[in-house]
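Accompanying notes for the structure given below.
Taken together, the values in this text are just the output of simple stated rules run on the coordinates, not laboratory data. No experiment lies behind these values; they were computed from the predicted model shown. FYI the Cβ positions are ideal-geometry reconstructions off the backbone, even for glycines, and counts take in every protein chain you see.
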Protein chains: 4
Amino acid sequence: MAEKKDSIRIGVIGTGRIGYVHAKNLVQRVQGVEVVCVADPYVDRATEWLDELGITERYTDPAKVLNHDKVDAVYICSSTDTHADFLVDAAKAGKHIFCEKPIDLDVEKVKNALEVAKKAGVTLQIGFNRRFDHNFAAVKQAILDKKVGDLHMIKVTSRDPEPPPAEYVKVSGGIFLDMMIHDLDMVRFLSGSEVKAVSAAGAVLVDPAIGEAGDIDTAVVTLWLENGAIAVIDISRKAVYGYDQRVEVFGSAGMARTENDLPATIEITGIEGSRKEKPLWFFLERYNESFLVESEAFVKALREGTTPPVVGVDGLEPMYLAMAAKKSLEEKRVVEISEVR
Amino acid sequence: MAEKKDSIRIGVIGTGRIGYVHAKNLVQRVQGVEVVCVADPYVDRATEWLDELGITERYTDPAKVLNHDKVDAVYICSSTDTHADFLVDAAKAGKHIFCEKPIDLDVEKVKNALEVAKKAGVTLQIGFNRRFDHNFAAVKQAILDKKVGDLHMIKVTSRDPEPPPAEYVKVSGGIFLDMMIHDLDMVRFLSGSEVKAVSAAGAVLVDPAIGEAGDIDTAVVTLWLENGAIAVIDISRKAVYGYDQRVEVFGSAGMARTENDLPATIEITGIEGSRKEKPLWFFLERYNESFLVESEAFVKALREGTTPPVVGVDGLEPMYLAMAAKKSLEEKRVVEISEVR
Amino acid sequence: MAEKKDSIRIGVIGTGRIGYVHAKNLVQRVQGVEVVCVADPYVDRATEWLDELGITERYTDPAKVLNHDKVDAVYICSSTDTHADFLVDAAKAGKHIFCEKPIDLDVEKVKNALEVAKKAGVTLQIGFNRRFDHNFAAVKQAILDKKVGDLHMIKVTSRDPEPPPAEYVKVSGGIFLDMMIHDLDMVRFLSGSEVKAVSAAGAVLVDPAIGEAGDIDTAVVTLWLENGAIAVIDISRKAVYGYDQRVEVFGSAGMARTENDLPATIEITGIEGSRKEKPLWFFLERYNESFLVESEAFVKALREGTTPPVVGVDGLEPMYLAMAAKKSLEEKRVVEISEVR
Amino acid sequence: MAEKKDSIRIGVIGTGRIGYVHAKNLVQRVQGVEVVCVADPYVDRATEWLDELGITERYTDPAKVLNHDKVDAVYICSSTDTHADFLVDAAKAGKHIFCEKPIDLDVEKVKNALEVAKKAGVTLQIGFNRRFDHNFAAVKQAILDKKVGDLHMIKVTSRDPEPPPAEYVKVSGGIFLDMMIHDLDMVRFLSGSEVKAVSAAGAVLVDPAIGEAGDIDTAVVTLWLENGAIAVIDISRKAVYGYDQRVEVFGSAGMARTENDLPATIEITGIEGSRKEKPLWFFLERYNESFLVESEAFVKALREGTTPPVVGVDGLEPMYLAMAAKKSLEEKRVVEISEVR
């Protein structure tokens, strides 16, 4: 593919599932960008889709991308434990950065990486894609449009269709950092407020192996927000009917809430009642479009030199909330965020 | 109206709003009962509807009803502070008892009254009418039918259309005892389980006067159930769109949830989108039919000599939960129910 | 029960199912009326509910009610073939009349009866109860409130849960007069317009016995309205999922439509998708409240001396439409209403 | 872009709006194809998107594509009046053909073109994309899965968000051929049955200019199907709330129906009731994915040498139905399809 004039030139680090999602959007659907190169230790496993997308410059060494002189911005889509290092390297190389969440499971590493990026003056967007989901964005807009009035309550429901293997659970950082991090971000996004304190309840109800791995699979977390509102998040590692992703916000002027996206609107009515379809199965189906909108927002920020909609601190703050939730679960009390900061 | 053979003969104490609701159902819609007499210090204020219902025997002194030799059962529909005393008197007089909730705001008085009733061997049903609501009863049935599988989570939303006056709030016993008591009962009803521990969050967001009266108007309470499930209740003293009464239960086999009842199913679609009606305004509209079903269940228990579906302990247990919630709010920690028992 | 001052005194002719529905509402729920007496050749079959309602004056001879000096108004709830005669007798006796539909299957008898009632100057309301249904009344209100703008299209769906016996079909007057008459009235009610012409399609798809009885069980009728709009009605004698009663109106400003009423709002989501309940089974369940509102409207008209909301001509006009539909089905062409008038 | 091995090579004739839709899908999303070249008299107007898609071989003369030796199949996306000629030329050149609907407004030209394609033995698919819409395909599947039982009734609602200019209306072939053709195809698709007879009603209610152009803008058509079922289609040139595309099928085992697709599932509840969003605005938004599925089906048929899901006769039969509808409107009677064949 010929080089496009004025294109923002992107290098993608990590050619796994999420790397593919981003690369495909960048090549086919995002205007004004081109994917110059990719890197992954196992880049040969991605040959088929790299061919399909016409991406010919391929490396096993990420440094080749991070220091590529034709690359304006990098997408960090590698495994979580490498995010922070690549973020630092990219910032030092003066590249703009789109970084998948979480930046790291260790808060000090995250703080350091954000500091480096800040000093380097590069643009950094964190991959909280759900903010760009059509349903949640509509709720945010309803709040901005004063349809809900003063916020009193935020409710987030988040259930996965199936639990991860216990092996994964062991290194995941725990349900709050690994899974609820998205929902904690959602509360910050919808409320536009920081959180003061957290209280958590949890149980092992889905899979005993998760408990043996030292984690829980079902949790309810209550959050006291700086703006006075209360938020409550309920999550489960397994809903047999598929990915359950809903929010409800309530305030002085009313309520806004979302339903799950369904594959089709069909309703079949028979002697057993009326049946509608199950929700879309998992995040690739449900949030497919949000990844596109997310990248479009990143590219727009780069092009216009503006602050992107999800910045570095958005990658850090939910970690404190997750840490406070964990502490609350252990100590059976309300934990102030200041205690874990 | 001529005395019906084999009718269960009922005396109603309290001819205010809820007394009227019960008397009307008993006279017009419940099979096999008759209302023999009523008593209320202000019984003359009820002349119109007593005439309408053909109830001619009217007293200002409750003792006349409690000791009436033609009365088999009494409905205690008077002000809350009189419930426990009338319950005791009725039990001693050997009358079966339907008692509106709460039995009292003081747990010791409640325990004593239940003890007396137990010793007297009379049948006692407590007025948790929401258990008989078509929507919530359908959820209970879905659980019994194994549609939800093992229960993992129960969520109850309960919002009033408008807050009570601050004067009322002062003597109400607080939002947990006064308002959330129904929702606490709902959790026990749906789960069929007792509660181990409680954690509460609360705020004054609706009306500062409620805060000045020493109460809150917005709350989220998390409950650890004996059966392992987690429940969460969110309530508000004011939803501008009307009475918001919903539940959701989630478990290993799926989810069951209810929507509010609407006055009509109409949907109007125009340039602003599609509009449906607001929920029914308040409890008399929404729970109108539940009061009938509740009385039918009481009468059935009397006739068949069986245990009624809501017994004395159902009036006591939610009080402990409310007390634990209050304590949790004050002490910012998880409170075991055993601490307040 | 003591006679109420200023009550409108009613006599009910016909103590079958619909007579019971009306009598019960009149005794228990309609303000300012009393049921003085009833008549039916088989009045002894109604002893139980007459006792229950405290109606003691009972006759086998309708003339006793029609000429009763304490009766202000009669409810004609007897078999269809007697409606017109009783209507004439009641009018001549100076009684106001609520008459169940249809007035008669013979249009000349209907015209004559209406003429007599008109000359007698009595108030006459025809029992098209669906106009008083909460859903359809809401659609009418939406039209009056200009939510739909100029009417372009009206769609009525009407499906019974089970077909009548073929024996009944033979004497029913046919599907258009027997079943669609309500939907034809609905078109006139919602549009506020008369109909110019009709085209019909029909088939025997539910039960061959209906075909052998000379009728059809499935039909679609298109109507050209005087106001320019087009209406289309589809009906079936059998929907396995229960009574299906919906309307949709469409116009220059938007659309209003209704869904069926369900027993509860519960939705159960599992591996098979999400399931809601079936519609209420049949007309007694679905239209229960509409019979009350209908009687309240009749009583209000009597009390205020105003024209009732469903007058004599409303009993006649749908008959012409039904007759035109039948003719259209036979002649496979559009039939002007003027052809059958 | 390098030539892919084993790719099916496609030439696109017509680079207007629908040509772009197909080319984009073929380049980016359909597996195993490549777009070799395009032709359009105004191909220079498409430079931007042709660049974007990397399509470099561009002609003003369609013959260059039709006779291109590297082209296996052509997409005919030019103006309607050229479809039949290009179809004939492509068939004679031995190219497989995807042809947008309608093939022509003149039935003789269509018959001739289909004859030529048949003799040439090439694969031909007609662009009735709605068959591939997720909602309608789900209804078809429900029918195949016996969820509806024996079909009794099919109802199709089709309303455009805004009427075309009167100038277009004059050359459009009329509302039945131009707009309802899709809905007539939908009836054939869902029923799997041909149509015996048609009856039509119509009016000018949206725009008098459409009436002056000799057409109508609002119509209801009833169809008698060979399989005994009855279908009814209602269409309007203008729904202020956007594109309204719904179907309902009813039969011996139940009903299946679809709702419109909405931009988001958000529901906002306030003092005015609950509001959901308007449907997606028009066909490019609503049917976007259906164009992809349609092309995938065509490519699959080519690759497997099977009959495509929409064949030549599917382009012809709805024309007869549209012609019969027009005749019925004029003659105010039921018209047998055999009369216009």
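Observations, loosely collected:
- Translational D in µm²/s for segment D:88-169 (Stokes-Einstein at 25 °C, 0.890 mPa s, Kirkwood Rh from C-alpha pairs): 153
- Based on DSSP H segments of at least four residues, each scored -39500 (n - 2.57), chain B has a per-residue ellipticity at 222 nm of -11000 deg cm²/dmol.
- On a per residue basis, the convex hull of the C-alpha atoms belonging to segment B:188-341 measures out at 185 Å³.
- Distance (nanometres) between label positions extended 7 Å along Cα→Cβ at A:E115 and B:K70: 8.9
- FRET efficiency for the D:E259 to D:K146 pair, using the beta carbon distance and R₀ = 25 Å, is estimated at 0.65.
- Percentage relative contact order, segment B:284-341, counting C-alpha pairs under 8 Å, at least six apart: 20
- Measuring nothing but how far apart in sequence close Cα pairs (under 8 Å, 6+ apart) lie, relative to its length, segment C:22-169 scores a relative contact order of 14 percent.
- Computed from the Cβ-Cβ distance with R0 of 51 Å, the FRET efficiency linking A:E272 to A:E339 stands at 0.45.
- Exceedance of the 21 Å cut-off in Cα-Cα distance is limited, within the set C:K95/C:K118; B:K24/C:K70; C:K109/C:K196; A:K147/A:K278; C:K24/C:K118; B:K24/C:K276, to B:K24/C:K70; C:K109/C:K196; A:K147/A:K278; C:K24/C:K118; B:K24/C:K276.
- When only alpha carbons are used to place a centre, segment C:297-341 and segment A:81-114 end up 77 Å from one another.
- Among B:M255, B:M319, a tally of other beta-carbon atoms within 10 Å of each Cβ gives an order, fewest to most, of B:M319, B:M255.
- Solvent-free Debye calculation, one equal scatterer per alpha-carbon of segment B:134-242: log10 I(q)/I(0) at 0.19, 0.22 Å⁻¹ equals -0.95, -1.13.
- The alpha-carbon atoms of chain D define a convex hull whose volume equals 158 cubic angstrom per residue.
- Average 1/r across all pairs of distinct alpha carbons in segment B:135-182, invert it, and you get the Kirkwood radius: 13.4 Å.
- Neighbour-count ranking [beta-carbon atoms within 10 angstrom, fewest first] of D:T269, B:T60: B:T60, D:T269
- D:Q31 versus B:T60: modelled label distance in nm, points set 7 Å from Cα along the beta carbon direction: 8.8
- Residue by residue along B:278-286, Cβ atoms of other protein chains within 10 Å of the local Cβ number 1 on average.
- 3J(HN,Hα) from dihedral phi, segment C:276-288, Karplus parametrisation 6.51/-1.76/1.60, rounded to Hz, x for glycine, proline: 10, 6, 6, x, 3, 5, 8, 5, 5, 6, 5, 9, 3
- Considering only D:L53, D:G121, D:Y20, and ranking their Cα positions along the charge dipole of segment D:8-122 that arises from unit charges at the beta-carbon of Lys, Arg, Asp and Glu, the one farthest toward the positive end is D:G121.
- Backbone N under 18 Å from the B:E331 label point (7 Å along Cα→Cβ), restricted to segment B:193-207: B:195-202
- Sequence-distant contacts, meaning Cα pairs under 8 Å at least 6 residues apart, place the relative contact order of chain B at 18 percent.
- Under 17 Å from the D:E194 label point (7 Å along Cα→beta-carbon), backbone N, segment D:220-257: D:223-229
- Sorted by Cβ neighbour density within 10 Å, fewest at the top, the residues A:K276, C:K155, D:K170: D:K170, A:K276, C:K155
- Looking at chain C, the DSSP beta bridges with both ends there are about 55 percent antiparallel.
- Here the average projected area of the convex hull drawn through the C-alpha atoms of segment A:8-122 stands at 6.4 nm².
- Kirkwood Rh (inverse of mean 1/r, distinct Cα pairs), the protein assembly as shown, angstrom: 35.3
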